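Engineer: One structure, pasted below without further comment.
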Amino acid sequence: MPTNSNAYAGQSAGTENPVLSSDWTGLSPKLIASFFPVRRVVEGTNVRWERVPGSVEVQAPVTDGNLEQTANWHSPFENQTADAKLSSLSSMFQAGGFEAILNALQAYIPAGNDLFSNALSAGQQSVQSLEGRTAVTKLNSTQVFSGMPPLKLSVTAHFRAIYDGASEVEAPMDQLMSWAVPKKLAQQGLVGNALDSSQEKGFRTMYPSEAPQIIGMSYANKLFKPLVIEGIPYPLTGPRDSAGNLIHGTMALSLASLTAIGKDDWAGFRRF
């Protein structure tokens, strides 16, 4: 078996952590992403996330990588204007719709009735002055920040078999899938767990299952953690060897940061 600068299935790439990957000899390590489980560490008031010691790592070149960050901005005062409260009336004023009505009323005013005629003329002037006017201002249209969802990250991971489909393709894909699903799902509900003498009592009776694994991802000069896997398609069909193992497969991962991120978090994603 030739020497490979990139770790392939079962090798450790000079570290104590086992690596699941394909043989990507000749490909720059900067183009290969690493996925690994992380754990929460609390030190006083500080919380940090570190890699689980001795944990398995999945390596794969990735394509179609994108980061997406959205922010919730809205204008809370836009519905407090006359345009919003009296929408039909304001629209008529702005479009000049009342001028034709007032002109038609002039024909029904008896001759010599200066009082009504003058009042109608004054009304026409007021209506004409409102044509093309709006109650929207910079103040009532100002947007305010009201939160943001977590950072979204999508990549397509590639796996291929040079020597063994089971260890180079199936094993790393299975590992990614195992991180995406809950670590444990209890068979029974609250009452069943409370009556089962073999089960631990206390809060674990109400929360008997375990959430999926929180992971980290490194790629090029970036290190993202903590992340959650929101979507992971598993290729069921494709080229396979005589034992039925896939010899090539891709997984389009949909990832997200565990929490919304700030400026300092974004700066911390860069590895120098």
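Engineer: What net charge is computed for the residues neighbouring LEU246, neighbours being all others with C-beta under 14 Å from the C-beta of LEU246, Lys and Arg scored +1, Asp and Glu -1? Before the final figure, lay out each step's value.
Structural biologist: On the way: positive: ARG160, ARG240; negative: ASP164, GLU168, GLU170, ASP174, ASP241.
After counting each charged neighbour, the total is -3.
Engineer: Shifting gears a bit: Near VAL58, within a Cβ-to-Cβ distance under 15 Å, what is the net charge of the other residues, with Lys and Arg +1 and Asp and Glu -1? Before the final figure, lay out each step's value.
Structural biologist: Working: positive: ARG51, ARG160, LYS225; negative: ASP23, GLU57, GLU168, GLU170, ASP174.
Cβ neighbours under 15 Å give a net charge of -2.
Engineer: Figure the gain on full extension for THR259 and SER75 (residue separation times 0.36 nm, minus the Cα-Cα span) and round it to one decimal in nm. It would help to have the intermediate numbers written out before the result.
Structural biologist: Numbers: separation 184, 0.36 × 184 = 66.24 nm, distance 2.47 nm.
Here the segment from THR259 to SER75 would lengthen by 63.8 nm.
Engineer: Between LEU27 and HIS248, 0.36 nm times their residue separation minus their Cα-Cα distance comes to what? Don't skip to the end; give the middle numbers.
Structural biologist: Details: separation 221, 0.36 × 221 = 79.56 nm, distance 1.70 nm.
Stretched fully, the LEU27-HIS248 segment lengthens by 77.9 nm.
Engineer: If we sort 53-59, 228-234 on the protection proxy, mean other Cβ atoms within 10 Å, highest first, what's the order? Walk me through the intermediate numbers first.
Structural biologist: On the way: 53-59: 17.0, 228-234: 14.9.
Sorting 53-59, 228-234 by mean packing, highest first, produces 53-59, 228-234.
Engineer: Residue-wise, which Karplus ³J(HN,Hα) couplings in Hz belong to the range 156-173, taking 6.51 cos²θ - 1.76 cosθ + 1.60, θ = phi - 60°, and x for glycine or proline?
Structural biologist: Using θ = phi - 60°, the values come out as 10, 8, 10, 9, 8, 9, 9, 10, 8, x, 5, 8, 8, 10, 5, 4, x, 5 Hz.
Engineer: Same structure, new question: Going by average Cβ neighbours within 10 Å, how do the peptides 167-178, 35-46 rank, with the highest at the top?
Structural biologist: Details: 167-178: 20.0, 35-46: 12.7.
Going by the mean number of other Cβ atoms within 10 Å, highest first, we get 167-178, 35-46.
Engineer: Next question. How large is ³J(HN,Hα) for each residue in the range 258-265, as worked out from phi by the Karplus curve 6.51 cos²θ - 1.76 cosθ + 1.60 (θ = phi - 60°), to whole Hz, x for Gly and Pro?
Structural biologist: Whole-Hz 3J(HN,Hα) from phi for the range 258-265: 5, 10, 5, 10, x, 4, 5, 5.
Engineer: Which far-off residues, 5 or more places away or on another chain, put their amide H under 5 Å from the one on VAL38, with H placed in the peptide plane?
Structural biologist: Counting only residues 5 or more places away or on other chains, the set is VAL52, ILE214, ILE215, GLY216.
Engineer: Over 22 Å between C-alpha atoms is what I'm after, so list which of LYS152/LYS222; LYS152/LYS263; LYS152/LYS184; LYS184/LYS222; LYS152/LYS225; LYS183/LYS263 land there. Present the calculation step by step, with values, prior to reporting the outcome.
Structural biologist: Numbers: LYS152/LYS222 15 Å; LYS152/LYS263 16 Å; LYS152/LYS184 26 Å; LYS184/LYS222 31 Å; LYS152/LYS225 12 Å; LYS183/LYS263 32 Å.
Among LYS152/LYS222; LYS152/LYS263; LYS152/LYS184; LYS184/LYS222; LYS152/LYS225; LYS183/LYS263, the Cα-Cα distance tops 22 Å for LYS152/LYS184; LYS184/LYS222; LYS183/LYS263.
Engineer: If we count other beta carbons within 10 Å of each Cβ, what is the order of SER254, SER21, fewest first? Before the final figure, lay out each step's value.
Structural biologist: Numbers: SER254 15, SER21 26.
Listed from fewest to most nearby Cβ atoms, that is SER254, SER21.
Engineer: Turning to a different aspect of this structure: Taking amide H positions as placed 1.01 Å from N in the peptide plane, with prolines and chain starts having none, which residues 5 or more places from GLU230, or on another chain, fall under 5 Å of its amide H?
Structural biologist: SER254, LEU255, ALA256
Each value in this text was obtained by applying a stated rule to the coordinates, not by laboratory testing. Since we're looking at a predicted model, the values are computed, not measured. Every residue, glycine as well, gets a Cβ built from its backbone with ideal geometry; the counts of neighbours run over all protein chains shown.
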